[in-house]
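Q: Let me give you the structure first, and then I'll get to my questions.
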Amino acid sequence: MQKGKRIIIELKDIVKKYYLGKPNELEILHGIDLQVEKGEFVSIVGESGSGKSTLMNIIGALDKPDSGIYNLDGINICNTKEKKLSGIRNQKIGFVFQTYNLVARTSAIANVELPMLYNGIPKAERHRRAEELLELVGMKDRMLHKPEELSGGQKQRVAIARAMANDPGLLLADEPTGALDSASGRNIMDIFHHFNKERGKTVLLITHSKELAYETGRIVTLFDGRITDIRRNMAAC
Amino acid sequence: MLIIENIKIAFGALLSGKMRSLLTMLGIIIGIGSVIAIMTVSSSLSSSISDSFQEMGANNITTGLRKLEQEESVKANGMKFGAAAGNSNIEEKDLVTDEMLAGLRQEFQDKIDAIAISENTGSGTAMKGNASANISINGINDEYFASSKTTLLAGRRINASDIKGNKKVIMVSDKLAESLFNGSNESALAQKIVVYSNGKYEDFYIIGVYKYEENTFSSDSSSNITTTAYIPLSVAKEMVHSDKGYSQFTVVTSKDIEDVSLFSEEIEQYFQPYYTGNQDYGISTSTMQSMTESMYSMISTVSVAVSFIAGISLLVGGIGVMNIMMVSITERTREIGTRKALGAKNSSIRLQFITESVILCLLGGILGIITGFILGAIAAHILGYGAAVPLGSIVISVGFSMAIGVFFGYYPANKAAQMNPAEALRYE
């Protein structure tokens, strides 16, 4: 790891358990150590049940670990109260989900404006930036359509525009191409590469596709709740 | 800013399930609707009562004998007087004499416009040839019409010389004129009719025809209607062979008296010396004001009681809203998770769902007000009153339905706000 680069994600001995009622507690993550530098494009691969999504929830400050330390951009997430966490999710992290999770009955542009609404940005500014982002992902001409009227690939492009609304440093994508055909998936990956290279965003991609992982700078392999392999991918750098 | 977005979101969510929203609102609609309907009817009733009391005269002080043992019950309803309370026990010594009235008139010269006396001699039949009509015979003094607003259609009223001269003259209603003379009111004038009453036939000459007013309290609407016929007081006294005095009369105060009830107390005090030794009767007064007040309090007691029952339906409606909000939150768990991932604070989520529940209840409340007013207006119309808009209860209803929204929306909204975002996003 090169010296002098800023560390954006720092995970130390993260343990996460699920309580399905005593004594059935299920440990999903058994001590995860990981550091991600600013501007990196990291993929986390593993089979289903390996703990990828649980790890993403912790990194995304949606869930807290049972033990261990997690610093995001120098903030200790484990000690942060929910009220402040919502602000962190709002301004520091952009989420992209496999199932898009666009808010139903709400136009594409209103979906993109949503994080800015929670950030208290005035309407005119919200609208301008949302339009700009939708143009960037090639969805400006359909910005007044509702999610029900868009294809999967189009929905995911809107979701990426929404993730970038408050210009966060970190983009967290959980199987973003999992439900898409290969052409749409390619398009989505190109958008991630664009944000990573042109705008210096840190991208964390969770996938079970080895093919996609080889496009990223570093591949972290997760197996049964443990990191079994971290490989720097020279070809992609 | 956020509140406007919340209102938009709430409308979107409610419109996406129109049938469900409408069914949920039904409880609120019925609750608010029945309260408004009751209020509409009772305020129509109140204003109609107030109108008819005003018509009877706001300056009238009804004065009469009051049975002493009945003090409690008389005070309770304030409307019963000697004659009505059973005059079988009234003796000559109890009655108000002409001398007492003359003294009263002298003592309060400036305050009294007129003293109206009307003694009912019972019911009877007026006949002309083969035609007949039911009448109730009232012997009146020449000042009687100062207390009662009667519209004269033809001829003249009974005057002082009729009374002085014991003239057998009679004032009849237009209804009677129509059934006996089936022609114009003028054709009845100066005609002779036979009046059968108290087992005797007597001839009377019609001097005037007045307009029969359908009273709020009169229920007799058949063609064989009993109307009042007025004859001179002196003639009435002869008919019943009585010259003792009066059990009831009406003091008409001059227009510039401000406190009618204060003057009514002065009248009672005037009669006090005459009745100090009387074990059975005293003099009691009643003004339109006090009668109206007792009517109002009766109506408002009834409407409060019925509103309370309607309030139970509001409670059930509120629980319905709470139930549907719980369902809605479960259905939209992923949306809540997504919003939290995008940076929504717990308070923003709570506000969003409270807004939704308030709007649901508010729409229900507004629909309820409209439905209730329509039902109330129909009911008032059937009862024969004009519908009056109970403005106060509309304002209260709007406020109350919003309060129901907040109260029953808070628990579900708080549940949504407290959701763990990771779990909410995982929800299938």
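Taken together, the values in this text are just the output of simple stated rules run on the coordinates, not laboratory data. Everything quoted here is computed from the prediction, not taken from an experiment. Please note: Cβ atoms are built from the backbone with ideal geometry, for glycine as well, and neighbour counts cover all protein chains shown.
Q: With r as the distance between the Cβ atoms of B:Q269 and B:E91 and R0 = 22 Å, compute the FRET efficiency 1/(1 + (r/R0)^6) and round to 0.05.
A: My answer for the efficiency is 0.40.
Q: Same structure, new question: Add +1 for every Lys or Arg and -1 for every Asp or Glu among the other residues with Cβ under 12 Å from the Cβ of B:Q352, and state the total.
A: +3
Q: Over all alpha-carbon pairs of chain B, lay out the pair-distance distribution in 10 Å bins, whole %, shortest bin first.
A: P(r) for chain B, in whole percents per bin: 4, 17, 19, 16, 12, 9, 9, 8, 4, 2, 0.
Q: Subtracting the Cα-Cα distance from 0.36 nm times the residue separation, let me have the gained length for B:A305 to B:A131 in nm, one decimal.
A: Separation in residues times 0.36 nm, less the Cα-Cα distance, equals 57.6 nm.
Q: Follow-up. Residues of B:332-340, mean number of Cβ from any other protein chain within 10 Å of their own Cβ, rounded to a whole number?
A: 4
Q: Right, here's the next one. Pick out, from A:I188, A:C78, A:L133, the residue whose Cα sits farthest towards the positive end of the charge dipole of the stretch A:78-237, with +1 on the Cβ of Lys and Arg and -1 on the Cβ of Asp and Glu.
A: Final value for the positive-end residue is A:C78.
Q: Please build a GNM for chain B, connecting alpha carbons under 10 Å apart, and tell me which residue among B:K167, B:K255, B:K18 fluctuates the most.
A: Most flexible of the set in this elastic network: B:K18.
Q: Okay, moving on. In the protein assembly as shown, what is the volume of the convex hull around the alpha carbon atoms, normalised per residue and reported in Å³?
A: Residue-normalised Cα hull volume stands at 258 Å³.
Q: Stretch B:E428-B:S294 to full length: gain in nm at 0.36 nm per residue minus the Cα-Cα span?
A: So the extension gain works out to 41.8 nm.
Q: Right, here's the next one. In deg cm²/dmol, rounded to 500, what helix-only [θ] at 222 nm does chain B give when every DSSP H run of at least 4 residues adds -39500 (n - 2.57) and the total is split over its residues?
A: Helix contribution divided over all residues of chain B: -18500 deg cm²/dmol.
Q: Another question about this same structure. Putting +1 on Lys and Arg Cβ atoms and -1 on Asp and Glu Cβ atoms, find which of B:I9, B:G384, B:G165 reaches farthest to the positive end of the dipole of chain B.
A: B:I9
Q: Out of the DSSP beta bridges found with both residues in the stretch A:103-237, what percent are antiparallel (nearest 5)?
A: 55
Q: Another one. Over all residues in A:56-63, what is the mean tally of Cβ atoms on other chains that come within 10 Å of each residue's Cβ?
A: 4
Q: Quick check: from the Cα gyration tensor, does the stretch B:221-312 come out rounded (a/c under 1.5), prolate or oblate?
A: oblate
Q: When DSSP assigns beta bridges and you keep just the ones with both residues in chain A, what percent turn out antiparallel, to the nearest 5?
A: 55
Q: Further, regarding this structure: How big is the charge dipole of the protein assembly as shown about its Cα centre, in debye rounded to the nearest 20, if each Lys and Arg gets +1 on its Cβ and each Asp and Glu gets -1 on its Cβ?
A: Computed about the Cα centre, the dipole is about 4180 debye.
Q: If you take every DSSP beta bridge whose two residues both sit in the protein assembly as shown, what share of them, in percent to the nearest 5, is antiparallel?
A: Roughly 70 percent of the DSSP beta bridges within the protein assembly as shown come out antiparallel.
Q: To the nearest whole number, what is the average tally of beta carbon atoms from other chains within 10 Å of the beta carbons of peptide A:48-55?
A: Neighbouring Cβ atoms belonging to other protein chains average 1 per residue here.
Q: With n ≥ 4 as the cut-off for DSSP H runs, can you work out [θ] at 222 nm for chain A, using -39500 (n - 2.57) per run divided by the number of residues, rounded to the nearest 500?
A: Taking each H run of at least 4 residues, the total per residue is -10000 deg cm²/dmol.
Q: Now a separate question. In what sequence, highest mean first, do B:312-325, A:220-233 appear when ranked by Cβ atoms within 10 angstrom?
A: My ranking of the peptides, most packed first, is B:312-325, A:220-233.
Q: Another question, if that's okay. With +1 on the Cβ of every Lys and Arg and -1 on the Cβ of every Asp and Glu, and nothing else charged, how large is the dipole of the stretch A:150-215 about its Cα centre, in debye rounded to the nearest 20?
A: 160
Q: How big is the equivalent ellipsoid of the stretch B:83-155 along its three axes, where each semi-axis is √(5λ) from the Cα gyration tensor, reported in whole Å from largest to smallest?
A: 29, 21, 9
Q: State, as an integer percentage, the relative contact order of chain B based on alpha-carbon contacts under 8 Å between residues 6 or more apart.
A: 30
Q: Additional query: So if R0 is 41 Å, what FRET efficiency would B:E331 and B:S47 give, r being the distance between their Cβ atoms, rounded to the nearest 0.05?
A: So the FRET efficiency works out to roughly 0.25.
Q: To continue, here is another question. In nm, give the distance between the simple-model label positions of B:D243 and B:N182, each being 7 Å from the Cα along the Cα-to-Cβ direction.
A: 4.4
Q: What distance in nm separates the simple spin-label points at B:N120 and B:L315, each placed 7 Å from Cα in the Cβ direction?
A: Distance between label points: 4.6 nm.
Q: So for chain B, taking the charge dipole from beta-carbon charges (+1 Lys/Arg, -1 Asp/Glu), which of B:V194, B:Y210, B:T121 sits furthest toward the positive end?
A: Of B:V194, B:Y210, B:T121, it is B:Y210.
Q: When a/c reaches 1.5 or more, the comparison of a/b and b/c decides; with that in mind, is the stretch B:1-48 rounded, prolate or oblate per its Cα gyration tensor?
A: Because a/c hits 1.5 or more and a/b fails to exceed b/c, the stretch B:1-48 counts as oblate.
Q: Given a Förster distance of 22 angstrom, what is the FRET efficiency for A:Q35 paired with A:K197, based on the Cβ-Cβ distance and rounded to 0.05?
A: After rounding to 0.05, the efficiency reads 0.55.
Q: With an 8 Å cut-off on Cα pairs and a minimum separation of 6 or more residues, tell me the relative contact order of chain A in percent.
A: Relative contact order comes out at 27 percent.
Q: Related question: For B:K200 and B:S161, calculate 0.36 nm times their separation in residues minus their Cα-Cα distance, and state this gained length in nm to one decimal.
A: Full-extension gain reported as 11.6 nm.
Q: In addition: Roughly how many nanometres apart are two label points built 7 Å out from the Cα toward the Cβ at A:K210 and B:D113?
A: In this crude label model, A:K210 to B:D113 measures out at 11.1 nm.
Q: Could you size up the charge dipole of chain A around its Cα centre, putting +1 on the beta carbon of Lys and Arg and -1 on that of Asp and Glu, and report it in debye to the nearest 20?
A: Computed about the Cα centre, the dipole is about 620 debye.
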